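I have placed the structure first, in the form of structure tokens, so that the comments after it can refer back to it.
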Amino acid sequence: MPHMLFIDLFGVGSLDAGQRAPGAARWNWPVADSMFYPGAELALMSAGLALVQACGITLAALTPSQPPRHYAIPLDRYFTCAISLGLFSSPLPAQDIQIQGVHWFVEGVGTSGRAMLTISQPEVSLFSSSME
């Protein structure tokens, strides 16, 4: 079963994951020709105080009308925290793992208003323990 880490940077109203994070779920995605098939064990985390309390990781939440913000997200720390909290039913393999993707989503529900997210100069750096 693939493992997925979902980090909510901005949540408002019914889409605020902060009330359920950190949490775990089994996420089913039955569309065979999709990058998400067949689904994953999902660890849900939310930027802000809950993440600091659960993992000791400081990650500022996005807020409306803020200036551009730079995020550096060390995936190993998030996965290590998810494992220590028991959010996955089995540990990750001891050998190197394959990261299949880093994806950004903007989702909303409502009848009025607007939201915009601009991602510029995205960069993903991966390091292995043998490179340190």
Seminar exercise, completed: Expected output for the range 75-98 (first residue farther than 12 Å from E41 by Cα, partner loosely packed, with under 15 Cβ neighbours inside 10 Å, Cβ below 6 Å, 6+ apart or cross-chain) is none
Problem set entry | Those residues of the range 29-63 which are among the β-branched types (V, I, T), touching a residue at least 24 places away in the same chain (Cβ under 8 Å) and farther than 16 Å from L5 by Cα, in sequence order | T63
Exercise. Does P68 meet the test of being over 19 Å from D8 (Cβ atoms), at pLDDT below 80 and not in a helix (DSSP H, G or I)?
Worked result: yes
Problem set entry | Hey, I57 in a loop (DSSP other than H, G, I, E, B), closer than 24 Å to Q100 by Cβ and at pLDDT below 85 or not | no
Exercise. From the set of residues in the range 76-132 that are of a type in the set (V, I, T) and in a helix (DSSP H, G or I), which is modelled with the lowest pLDDT?
Worked result: T80
Seminar exercise, completed: For the range 34-51 the number of residues that are open to solvent by 70 Å² or more (accessible area, probe 1.4 Å) and within 19 Å of F105 (Cα to Cα) is 2
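The values are calculated or read from the model by the stated rules, or taken from the named source; none is laboratory data. Bear in mind the structure is a predicted one, so any value in this text is a computation, not a measurement. Cβ atoms come from the backbone with ideal geometry, glycine included; neighbour counts cover every protein chain shown. Accessible surface areas use protein heavy atoms only, side chains included; no ligands, DNA or RNA. Shrake-Rupley method; radii C 1.70, N 1.55, O 1.52, S 1.80 Å.
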